[in-house]
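The values are calculated or read from the model by the stated rules, or taken from the named source; none is laboratory data. Because the structure is predicted, anything quoted here is derived from the model rather than measured. Cβ sites come from the backbone with ideal geometry, for glycine too, and all protein chains shown count toward neighbours. With ligands, DNA and RNA removed, areas are computed over all heavy atoms of the protein, side chains included. Shrake-Rupley method; radii C 1.70, N 1.55, O 1.52, S 1.80 Å.
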Amino acid sequence: MSEPTATGLSSLDAARQRLDLASPREIAGLAHLELVARGIVEGFLIGLHDSPRRGFSAEFAENRSYNKGDDLRYLDWKVYARTDRLFVKQFEEETNLRAYLLLDVSGSMGWVSAADRYPTKLEYARLLAASLSLLLIQQGDATGLIAFDDTIRNHVVPRTTRRHWRRLLGELTGLTPNGKTEAGSAIKDLSTRLQRRGLVVLISDLLVDPDTTRTALRYLRHRGHEVIVFHIMDPGELDLPAAGEAIFFDPETGEELGANSAALRKQYRAAVEAAVDSWRKESLRAGADYALLTTDMPLGIALRQFLRKRSRLS
Amino acid sequence: MSLLHAWALGLGLAAAIPLILHLRRRQTDRRISFPALRYLSRAEDARSKSLVASDVLLLAVRIGLLIALALAAAGPLLGRGGARDHAPTDVALVIDNSASVARLAGDDPLFETLLLRAKTALEAARPEDRVWVFPTVGPPLAAGVSAVRAAEALERLGMTDGATDLGAVVVRASSALPADGDRRREVQLISDLQRSGFPTSLQSSRDDAAVVAYVAPPPAEPNGGIADLALTGGTTVPSGIGHGVIVRTALFGAVGDSAGGEASIRLEVDGRIAGAARAPWGGTATLGLPELPIGSHQGRVEIDPAGARSDDLRHFAIRVVPPPVVRFYGTDESPLSIGIETLGQAGRLGLGAGASVAVIEGSSLAGAPWAGASTLVFTPPSDPVDLPAFNQGLSAAGVGWQAAVDADPGDLGLEEPGAAFSFRGVRVRNRVRLRAGAGGGAADTTLLRTDDGEPWLLRTQANNRLVLLLASPLTPEATDLPAHPTMIPFLESLLVHWSHLATWPGSDFDAGAPLTVPTWARSVTDPAGETRNVEGGGLYTPIRSGTYAVQGQGQDGAPRNAQFAANVPAAELDPTPVTPAELEERFPGREVFTAGPEESAWEAAVFRARRGRDAAPWLLALALVLVAAELLLATPGRARRSTASGDTTKPTSEATSVASS
């Protein structure tokens, strides 16, 4: 695979090794998602890991005596021909992890409070998804993608190849924010598709129906899946903008609310803190990991959060 | 409350601005996309619990702030203000120095308290005020002067033993204040407000000078005193005749058992105890005077201390003169002759040569035998035929009266002259009509009249002689008098008392009241020994009780002197004050305010035209407080954010903790 040479990369070259700590606004403005994701992951410098369980992957490990009930497909006929004894082949499983990235692409993900300072939540989520998928695939994990709003808009089946990763990048690049959010149904739909236990990474601003979403997360855990929730927030959502008297409206639902931002600032902060705290507690209760990411935070932070989770799975 | 700039209250309309803004604040067209609307909605819900209260509070603070500023700009003056916060005022300070204020109020005489209250009022005066000082007894002490000068004038003021008409003094003081439209007028009456000090009711007045009266502490004990003293023989008595002093006591303010009891009375003449007696309160006692030698004498009657001290004694002056020498010209056996003989034998008269009184019966005028006598007593002839000769004799003597026949006078009685004897039952059957001629008239005195109003006994003067002219001969045919027991007392009065011009003084005087000194007077020496020159026939006011000596010179150049007594007027004995309601009735048509006895109450009452305290500084302070409150209410959490610089209040996350690690 040749290195891309897209415009704008020259400035990136010097900082490539530490893109994981670069400003999200700067790297989101770069043109090539693949190069950026690589820069982030390489900067993050995560090594490969061993599969924790022996299985039936392609790499041979050793032979053992046949026991009644063993699958005859794994009999080593060559050894039998030489020794007249029945042995079955054992393989060292490189990975048995199938990871799904659940990416929220609803209308709210396209919102940014200060376009000159922060990327949109979707741009941030796209970078995060690209970096995570590269990290997973480099470890030999099969990685898939589901983009959803109130329905599943894109579905990419997990694979482990680099070609598959490029396909994922292509899907990610084509995503645009639109529609309402209905995470619960997307997660449930996903759970029906996952035959084997795996890792589910939910990337969303969580401006969703909390009850159905939490129920769906618990359902995933019940099915034995590991779950990480990346809660993406714009800094402008943490603090109410100094807009004075204005009519605030939800771009997804069109709902309106007239308010004085100065008068409500204190209560708004409390409401956000309560919501974040609720998500954190509910996630932990469901056995899921939770991380709040704001779009001004370097992506390395998110990757570290993920790596800790992934290392536990190992 | 009053306002210096009432127009500024219009600024208070600005108080409507916050209300309008409050009502309009949600009417905005500004739309902001904000996906985290659910958090905003929760914040709105959380805030709505306290929103109404805080909004209303903020609204109230803003409205209050604007109103406070508008009120401050209007210059509000609250209450009556301090003692010195008053408009320029002309003040008539009427201070009571009559005898009644000598009573004790605490340890000091009430007068001292009144002086202190007067000084309190003067200390409350402003430099632009003008003060008139009117003692209730005596002339004004100051007119239109500053408070400082008025206070200096008060230093010269002392108590007197006089009485006063407080109402009259207030009217006089009020009228002395100029009617200047730009200045307030006020009479400050500092007195014990003795009810007897308002002997007359005043007419309704349109005088705009308010009367502010001090209410003195009430008397602590009843007041007893000598209400009256009378010398039975008058102030000039002939020697050799016994006289007495009639004393009447009075007690005021006593209740219950204290109303009983008696007063111990002592008589002192020329510094010696001359007698003593006891009399019930309100009763009289008569004490006999000792036989006094010819000359002037002083005496006083005193009781034990009872309330105010000044009215516990009364002074008198008495002059003992030799009895007159009388010579009778007429029929020896006439009743008149017999009466004179009787009085002479009793030592009440002198008889014989060198007579000062010549008594001439109608038919005995020939030859003008009265030469040398200073008093001529004429009786008309019994026969009308002799009347022309009688009239000629009168004319010759210079008498300006003539006798005319009264055809049928009828049976007439005599009007009692108020003397110690009575004419009851004495009838007059014959008389002449006394007609004023040249030289006779209004200046003469009618001593007795018949009950039809005609003069029966006249006193006039002729050629420097005193003339007594009777309208009837003192015969049984003409009148019952010769056979009546009154005959001898009548003759004694006629020849001893009425036979000389009234000797000055005829009685004692009230202290504090002006009196007319004799025409020959040149100076008066008061009881303290201070002598003051006077103009003969002019006025002199004895302000202290006691005996005064008058010195002068007669027409012949010979020195003359007399003495008189001045005493506390009986009206001063009753210390009962008027009530505030009664005081208002005494000054119809005027504003009357009362205050006291505490100094603070008095200080708060004087200078009615106060402008109030300036409330603007307080309102501005209130405005500052409201501004601070508005800042706190309008920017909640501002202080906390400035100190926390934002990051510490962000929601925490594992991500941030990892990044920091």
Q: List the aspartates and glutamates whose Cα lies under 13 Å from the Cα of A:K121, skipping any in the same chain that are fewer than 8 positions away.
A: A:D104, A:D205, A:D234, A:E237, A:D296
Q.
Nearest 500 deg cm²/dmol is fine: what mean residue ellipticity at 222 nm does chain B get from its DSSP H runs of n ≥ 4 alone, each adding -39,500 (n - 2.57), divided by its residue count?
A. -7500 deg cm²/dmol
Q) About the Cα centre of segment B:499-589, what is the dipole size in debye to 20, counting +1 per Lys and Arg Cβ and -1 per Asp and Glu Cβ, all else neutral? A) 480 debye
Q. GluC sites (Glu not before Pro), restricted to segment A:184-291: which are DSSP loop and have at most 14 other Cβ atoms within 10 Å?
A. A:E255
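Please state the relative contact order of chain B as a whole percent: Cα pairs under 8 Å, 6+ residues apart?
Numbers: 1402 pairs, mean separation 115.4, N = 661.
Reported relative contact order: 17 percent.
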Q: Quick one: accessible surface of A:Y66, probe radius 1.4 Å, all protein chains present, in square angstrom to the nearest 10.
A: 70 Å²
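Size of the dipole of chain B about the Cα centre, Lys and Arg at +1 and Asp and Glu at -1 on the beta carbon, nothing else charged, in debye to 20?
On the way: 58 positive and 71 negative charges, 904 e Å.
The dipole of chain B has a size of about 4340 debye.
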Q: Quote the FRET efficiency, to the nearest 0.05, computed for A:A270 versus A:R166 with a Förster distance R0 of 45 Å and r equal to the Cβ-Cβ distance.
A: 0.50
Q: In whole Hz, with x marking every Gly and Pro, tabulate ³J(HN,Hα) for segment A:273-288 from phi via Karplus 6.51 cos²θ - 1.76 cosθ + 1.60, θ = phi - 60°.
A: 4, 5, 5, 4, 4, 5, 4, 4, 5, 5, 5, 4, 4, 7, x, 9
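How about segment B:310-380: which GluC sites (Glu not before Pro) there are in a DSSP loop, with at most 13 other Cβ atoms within 10 Å of their Cβ? If you can, show how the numbers build up before the last one.
On the way: sites: B:E333, B:E341, B:E361; in loops: B:E333, B:E361.
Those that pass, being in a loop and sparsely packed, are B:E333.
Grab the Cα-Cα distance for B:D55 and B:V385, subtract it from 0.36 nm times how many residues apart they are, and report the gain in nm with one decimal. Please list the in-between numbers first.
Values: separation 330, 0.36 × 330 = 118.80 nm, distance 12.44 nm.
Extending this stretch completely gives an extra 106.4 nm.
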Q: Treat each spin label as a single point 7 Å out from the Cα along the C-beta direction, and report the B:L104 to B:T286 distance in nm.
A: 3.7 nm
Q) Taking H as built 1.01 Å from N, whose amide H comes closer than 5 Å to the amide H of B:G283, not counting residues under 5 places away? A) B:T249
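Classify chain B from the C-alpha gyration tensor, please: rounded if a/c falls under 1.5, else prolate or oblate depending on whether a/b exceeds b/c. Please list the in-between numbers first.
Numbers: a/c = 4.22, a/b = 3.49, b/c = 1.21.
Judged from the Cα gyration tensor, chain B comes out prolate (a/c at least 1.5, a/b above b/c).
Based on the Cβ-Cβ distance of B:E582 and B:D408, what FRET efficiency does E = 1/(1 + (r/R0)^6) give at R0 = 41 Å, to the nearest 0.05? Kindly include the intermediate steps, with their values, before the conclusion.
Values: r = 58 Å, r/R0 = 1.40.
Efficiency, rounded to the nearest 0.05: 0.10.
If R₀ is 35 angstrom, what is the calculated FRET efficiency for the pair B:I273 and B:A513, using the beta carbon separation as r and rounding to 0.05?
On the way: r = 30 Å, r/R0 = 0.86.
So the FRET efficiency works out to roughly 0.70.
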Q: Return the distance in nm (one decimal) between the two label points of a simple spin-label model at B:E415 and B:R266, each offset 7 Å from Cα along Cα→Cβ.
A: 4.5 nm
Q.
Suppose each label sits 7 Å from its Cα in the direction of the beta carbon; what would the B:V625-B:L351 distance come out to in nanometres?
A. 10.6 nm
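Work out how much length B:T446 to B:A396 would gain on full extension: take 0.36 nm times their residue separation and subtract the Cα-Cα distance, in nm to one decimal. It would help to have the intermediate numbers written out before the result.
Values: separation 50, 0.36 × 50 = 18.00 nm, distance 2.16 nm.
Length gained, B:T446 through B:A396: 15.8 nm.
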Q. What residues have an amide H closer than 5 Å to that of A:L206, excluding those fewer than 5 places away on the same chain, when H is modeled at 1.01 Å from N in the peptide plane?
A. A:I232
Q.
With a 1.4 Å probe and all protein chains kept in place, how much accessible area does B:I338 have, in Å² rounded to the nearest 10?
A. 90 Å²
Q: Taking amide H positions as placed in the peptide plane 1.01 Å from N, state which residues far from B:F252 in sequence (5 or more) or on other chains have amide H under 5 Å from it.
A: B:N223, B:G224
Q. Which value, in Å² rounded to 10, gives the accessible area of B:R103 with a 1.4 Å probe and all protein chains present?
A. 20 Å²
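Using alpha carbon coordinates only, what is the Rg to Rh ratio of segment B:281-358, with Rh defined as the Kirkwood radius? Please list the in-between numbers first.
On the way: Rg = 20.0 Å, Rh = 16.2 Å.
When Rh is taken as the Kirkwood radius, the ratio is 1.23.
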Q: Take the solvent-accessible surface of the protein heavy atoms, probe 1.4 Å, and return the percent of it on segment B:509-567 that carbon and sulfur atoms account for.
A: 45 percent
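Which percent, nearest 5, of DSSP beta bridges in chain B are antiparallel? It would help to have the intermediate numbers written out before the result.
Values: 80 of 122 bridges.
So the antiparallel bridges amount to about 65 percent of the total.
Give a quick list of trypsin sites (Lys or Arg not before Pro) in segment B:422-516 that DSSP marks as loop, anything other than H, G, I, E or B, with at most 12 other Cβ atoms within 10 Å. Walk me through the intermediate numbers first.
Details: sites: B:R424, B:R427, B:R429, B:R431, B:R433, B:R435, B:R449, B:R459, B:R465; in loops: B:R424, B:R429, B:R431.
Answer by residue number: B:R424.
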Q: Name the residue farthest towards the positive end of the dipole of chain B from the options B:T450, B:V137, B:W7, assuming +1 on Cβ of Lys and Arg, -1 on Cβ of Asp and Glu, about the Cα centre.
A: B:W7
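List every DSSP H helix in chain B whose Cα atoms extend 24 Å or more along the helix's own long axis and whose mean Kyte-Doolittle hydropathy is at least -0.5.
On the way: long enough: B:37-74 (50 Å, 1.01); B:616-634 (26 Å, 2.29).
Those that clear 24 Å and a mean of -0.5 are B:37-74, B:616-634.
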Q) What is the magnitude of the charge dipole of segment B:325-497 about its Cα centre, with +1 placed on the Cβ of each Lys and Arg, -1 on the Cβ of each Asp and Glu, and no other charges, expressed in debye to the nearest 20? A) 520 debye
